[in-house]
1. Using modelled backbone amide H atoms (1.01 Å from N, in-plane), which distant-in-sequence or interchain residues come within less than 5 Å of Asp440's amide H?
2. Between Lys474 and Val344, what is the label-to-label distance in nm when each label sits 7 Å out along the Cα-to-Cβ direction?
3. With a Förster radius of 30 Å, plug the Cβ-Cβ distance of Trp240 and Glu73 into 1/(1 + (r/R0)^6) and report the FRET value to the nearest 0.05.
4. Neighbouring Cβ atoms within 10 Å as the yardstick, rank Cys278, Cys338 fewest first.
5. Alpha carbons only, please: Rg and Dmax for the range 211-342, in angstrom.
6. Restricting to Cα pairs below 8 Å that are 6+ residues apart, what does the relative contact order work out to for the range 19-234? Please round to a whole percent.
7. Calculated FRET efficiency, Ser233 and Leu210, Cβ-Cβ r, R0 41 Å, to nearest 0.05?
8. If you find the alpha carbon centre of the range 119-185 and of the range 219-293, how far apart are they in angstrom?
Amino acid sequence: MAEDESCVGQLVGVEDSDIITNDKNQLGQYQVYKQRWFVAFLVVLLNLSNQLTIQSFSPAASVVAEYYNTSDENVNLLYMSYVFVSIPMGFVSMWLLDSIGLRLSLLIGSWANVIGNTLRLISTLHFVPSSLTFPLVLTGQFIAGSAFPIFTNCPTKVSEQWFSEKERTLSTMITTTGFASILVNILSPMLIEYKGVQFMLIIYGIPALLGAVLTTFGLHSSVPPSPPSASASGNTQPFWTGLKQILKIKQYWIFVVAYGLGGGLDISFGALSEEMMCTHGYTPTFIGLVSAFNIGIGIIGSLAASLFVDRTKLFEETAKVTLSLGVVFSSLSMTVSCIPHQEVLIIIFSILNGILFSAAYPVSVELLVENTYPVAEATSLGILGIISYTMSIPSTFMFEVLSQPMTPYEEIHQKCTLSHRPPSYTGSIMRKSNITKPKDMTVAMMVYSGLASLQALWIILFFKSDNRRLNTEKSHSLITDLPESVQESTHVRA
């Protein structure tokens, strides 16, 4: 048996020295491998490169519109293309991850990302007719965006198949941490100012190519030679069977619909955040700083919650507390954002909001897996993504409808300039002209706070975790703790 496992390990690039034993199972030992950190790093790299690609044009929308000789509506479509393609591709990505495995799915996603980046770069070459430049870059965006659900739906699968039960939430936190929004807001304007749009596309194409090469030659197997935990050693349900089964899990839908609504609201807020704040006298630079603090310092909360939950297994309690407090500080941040000259309070509340919501995410997605086991991990997480992106479209339309003309005071003190404001994708559809005044989004911000509060209240009152995966592992642990003769008789009866 040891020799067989050693041979299998060598086939996937894992040496005996890379094996770290975990808890016992009836066959010998559960094992985790050092290679699991490479797999986690690979998912982080692929996620980062893909998000840099799909977000790259937003911070310099006016320059990009001039470069491609197109409208603001079209430039905004470059960014929002991933939202539209993520809805149908969400189902495809779930099937890929659950049917053909992690390795082949990441191969497909990584090379789709490279193809998308290549088409974007070709659109900037001098021999391409001007009538084809924008269609080429838009096609590249759609192809790269089609890989987005693969990369965002695989973290819980990586955690389950490669990490022990003591590291799963930490793994999910690492593989879902997003630096892209911070980097792209810093790099895109800087790279364009330095050497233009083409240079920016070349730079963003490098991590995409690196991720594809590492996936092709560095990831040799979807799973390690031996499972890291009792739940990983069991067989997950086939995709269609799991999809039918998940429809019957009441607690899952109570949580995922509410959390998906919150995700849709956050996507909408991200598209309109500058317009919401600039009418009250806050500059685009300050708004970008708030966003950077929110995401960057939020990692602290995410790390702390992940370590805490991996030790205590208090998934439900941690998710409810962090979500509830996050909504409180989000509402406070929204409220003070409607009042001029409140920079200090906005930063404080935004940091607290970022810490708590960042803490809630990895715990919540692991909680989804806990309540759907043995349904495949990508299915439970993929449905959340589909709900979030579907909800973001009507949410953004709603916020635009709720916008109002600026007051005379806001007209004087607003800091919204057309050269700095990235266009809203629904706003550009609803407004007949590109030359429009920004609008007061105060009512929209209050509605956002109210809906977010209802989301948290719904989860607190009605959600009760079944902890199916934890219960399976506990029952398995009880069996393996019995004397060997008793274990054998138990397995015979089973």
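1. It is Gln404, Met406, by chain and number.
2. In this crude label model, Lys474 to Val344 measures out at 4.8 nm.
3. The pair Trp240/Glu73 has a calculated efficiency of 0.15.
4. Numbers: Cys278 22, Cys338 17.
Neighbour counts put them in this order, fewest first: Cys338, Cys278.
5. Values for the range 211-342 (Cα only, Rg and Dmax): 20.7, 59 Å.
6. In percent, rounded to a whole number, it is 34.
7. Computed FRET efficiency for Ser233 and Leu210 comes out at 0.80.
8. Each part's Cα centre sits 14 Å from the other's.
A short reminder: the numbers here are calculations on the coordinates, not readings from a lab. Since we're looking at a predicted model, the values are computed, not measured. Because the Cβ atoms are built from the backbone with ideal geometry, glycine has one as well, and the counts that use them run over all protein chains shown.
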